[in-house]
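Structure provided below as structure tokens; questions to follow.
The values are calculated or read from the model by the stated rules, or taken from the named source; none is laboratory data. These numbers were taken from a predicted model, which means no experiment stands behind them. Note that we place each Cβ from the backbone using ideal geometry, even for glycine, and neighbour counts take in every protein chain shown. Note: areas computed on protein heavy atoms with side chains; ligands, DNA, RNA excluded. Shrake-Rupley method; radii C 1.70, N 1.55, O 1.52, S 1.80 Å.
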Amino acid sequence: MTTLELEKTPQQQPVTAKKPFMKKIWNFIKKNPAGVIGIVLVVLSVSAALFAQWIAPFDPSKANLTSRLAPPSWADETGESVFFLGADQVGRDLLSRIIHGAKISLMVGFFGVIISMVIGTVLGLISGYFGKWLDDFIMRIADIQLAFPFMLFAIVIMSVLGTGIWKIIIILGLTYWVGFARLIRGEVISLKEQEYVQAAKAIGGTNFTIIRKHILPNVMSSILVLGTMYIAEFILLEASLTFLGLGVDPTIPSWGGMLADSRNYVTSAWWTATFPGVAIMLTVLGFNLLGDWLRDRFDPNMKL
Amino acid sequence: MLVPKALALFLGGTKMAAYIIRRLLHTILVVFAISLIIFFSIRLTGDPVSVMFSAGEPTKEAIEEVRRNLGLDKPIYVQYGIFLKGLVTFDLGESFRSGMPVMDLIMERLGATLALAFGGITVAMLIAFPVGILSAVKRGTGVDFFGRIFSLIGISFPNFWLGIMLILIFAVNLKWLPSSGFESFEHLILPSITLGMILSGILARLVRSSMLEVMNQQYVSTAKSKGISDWAVIIKHAFRNALLPTVTFLGLQFGSLLGGTVIVEQIFSWPGIGRLIIDAINQRDYPVIQGGVIFLAVIMVVVNLIIDLSYTLIDPRIKIGGSGRA
């Protein structure tokens, strides 16, 4: 049966049917080059994070002093180095550490955004929909949070709490909800006056149903765009904190931590300082491009 | 709010006065809230004394002694009261390690941090203005495309990595500039570029969009129709009007710039307040951490206040009424 089916498939789909599909993809790429680059970069970094154990050529934490600061294999004149991107100060493979480091960056990005998104969306909906003193209260808190730079806040908290990935995620979530809340509040205020919302109210819809059925679906695209851009920002913030020694545990492979390690070897081993930074840049650029593209697709006038 | 209105009546009863007073009160509220957050997050997330001693085994007397010296034996609201009283009189307590007043330690370092912050803003403007203006004038061309790519890349890499790369290229390989220290103008160049680069990416985007907005205005078309040369119109008429949102933005970004100095100072061994804070963290010197962070936060809030007020004075179109919120 299987052989029969295999033979059947090309007959059912004429040769010409394949072309338009490829052409469609090609047209899509030609129309949205930046968006496609963004998608590719995001897919690459997410796959690195998800399949790190299988992709990474070496054990990321296995130290080997004989290969200490070994140069990248293609730049090694002696031809001894087996490491494509070189090795760090205790001889661990840089490429494997970068691949495993993707896990930390993306975890912080995704979970941080989920927490801030949930808090921000709920408070933004309440603030915009119910208004009055609730709105005043929530927006006053938002003002205060905005006046306090995240880096300083995080430095204070992390210096007391000590390193840890979940601590960073929670701090990010608890400070960045403001962006979501303000964005959603603004949209809800204008949506509230729309006729279909007024109509839903007139026929006796409860506040909960109106928010769930008529308001939330209309703010989803903005939430998605801001969320994508915040992933990029959170990855940068985590790397900075870890670089300062206030982020994730230094024994776990992370991009910020690798750059912190590399500081003392900038003069002798340029690769240790270069490649983790390239990894951060490409990942963050990917999410920024994706966010830009999503925004242009949904609503070019979105104030983001 | 009743209080600002009453005060404004007292001061002459203009709407402007009411606005200024409301902004002042709001600023005080924000500073108060920040002090509250910093104070309690340090106190509630752990016992500063036990963390300070985490390296060795202290005797009970030693711990008690330190607690008394730091005033940690008093109830927490009393401690906060003392802390607030200190804030008002610019007294941030004494360093746990050196015994020096925290305010003196900060003042010693303030010059270096301000030099770095202004260096960063200068670099950001030097890059962002030409890029943004060219992108707007040559809209839709290759120049515009490159300008936008530049802005996007500018916000996509961590500034500390840029700092490391600059050291690698200009200090280690080319040996053109020093990689660390604070002695001459040359020492300021690499840190300023590091700090200003990210800001320049965001700023170039803003300059571009405000230029585009202004260039569609009637007075620009009028100037053009009078036969004034293109660049004269762009600089004299368009750019001058596009400057206002840019300046406001720079003021608002001052905070994240100060946050950025913490990292940049760490990379270039720059003797500023950021480095003071990081050193204090490594030494578990809580009064210094607390004082340094509050100092930076207050500077930032005050700068925002000044920008906000001058903005309303410069541009009478800004609506003064309303709730004072965006």
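Roughly how many percent of the accessible protein surface of the protein assembly as shown is carbon and sulfur, given a 1.4 Å probe and a whole-percent answer? It would help to have the intermediate numbers written out before the result.
Working: 20510 of 31480 Å².
The C+S portion of the solvent-accessible surface of the protein assembly as shown is 65 percent.
What percentage of all Cα-Cα pairs in the protein assembly as shown are separated by more than 30 Å?
Cα-Cα pairs in the protein assembly as shown separated by more than 30 Å: 62 percent.
Ok, one more. Take the cross-link list A:192/B:15; A:31/A:103; B:138/B:236 and give me the ones stretching past 26 Å between alpha-carbons. Don't skip to the end; give the middle numbers.
Numbers: A:192/B:15 31 Å; A:31/A:103 32 Å; B:138/B:236 18 Å.
Beyond 26 Å: A:192/B:15; A:31/A:103.
A further question on this structure: Mind checking which aspartates and glutamates have their C-alpha under 13 Å from residue B:226, skipping anything on the same chain fewer than 8 residues away?
The reachable aspartates and glutamates, counting only those whose Cα sits under 13 Å from residue B:226, number zero.
While we're looking at this one, here's another question. Output needed for the stretch A:91-303: three equivalent-ellipsoid semi-axes, defined as square roots of 5 times the C-alpha gyration tensor eigenvalues, in descending order, whole Å.
Details: eigenvalues 313, 68, 30 Å².
Taking √(5λ) for each Cα gyration eigenvalue gives 40, 18, 12 Å.
List the residue ranges in chain A for DSSP H helices whose C-alpha atoms run 27 angstrom or more along the long axis and whose Kyte-Doolittle average is 0.5 or above. Intermediate values should be presented prior to the final figure.
Details: long enough: A:94-130 (53 Å, 1.68); A:165-192 (39 Å, 1.20); A:216-243 (39 Å, 1.43); A:270-298 (42 Å, 0.64).
Flagged H segments are A:94-130, A:165-192, A:216-243, A:270-298.
Using a 1.4 Å probe on protein heavy atoms, which residues of the stretch B:276-294 have at least 20 Å² less accessible area in the complex than alone?
B:278, B:281, B:286, B:289, B:293
At 1.4 Å probe size, put B:261, B:248 in order of accessible surface, largest to smallest.
Details: B:261 0, B:248 20 Å².
Ranked from most to least accessible, the order is B:248, B:261.
At 4 °C and 1.567 mPa s, what whole-number value in µm²/s does Stokes-Einstein give for the translational diffusion of the stretch B:108-314, with Rh from the Kirkwood sum over Cα pairs?
Details: Rh = 18.5 Å.
In µm²/s, the coefficient rounds to 70.
Roll a 1.4 Å probe over the protein chains and send me the accessible area per residue for the protein assembly as shown in Å².
Details: 31480 Å² over 630 residues.
Per residue, the protein assembly as shown has 50 Å² of solvent-accessible surface.
What is the distance, in nm, between label points placed 7 Å from the Cα along the Cα-to-Cβ direction at residue B:145 and at residue B:236?
It is 3.5 nm.
Need the per-residue list for the stretch A:240-260: every residue with at least 10 Å² less accessible surface in the complex of protein chains than in the chain by itself, probe 1.4 Å, sorted by number.
Checking the loss per residue gives A:240, A:243, A:244, A:246, A:259.
Right, here's the next one. For the interface of chains A and B, what total accessible area is buried with a 1.4 Å probe, rounded to the nearest 100 Å²?
Values: alone 17260 and 18160 Å², together 31480 Å².
By this definition, chains A and B bury close to 3900 Å².
Name the residues of the stretch A:264-279 whose accessible area falls by at least 50 Å² when all protein chains are present instead of the chain alone, probe 1.4 Å?
Flagged in the stretch A:264-279: A:266.
What distance in nm lies between label points placed 7 Å from Cα along the C-beta direction at residue A:221 and residue B:183?
Each label point lies 7 Å from its Cα, and together they span 5.9 nm.
Here is a further query. If amide H atoms are built 1.01 Å from N in the plane of the peptide, which residues on other chains or at least 5 residues away come under 5 Å of the amide H of residue A:58?
Under 5 Å from the amide H of residue A:58: A:96.
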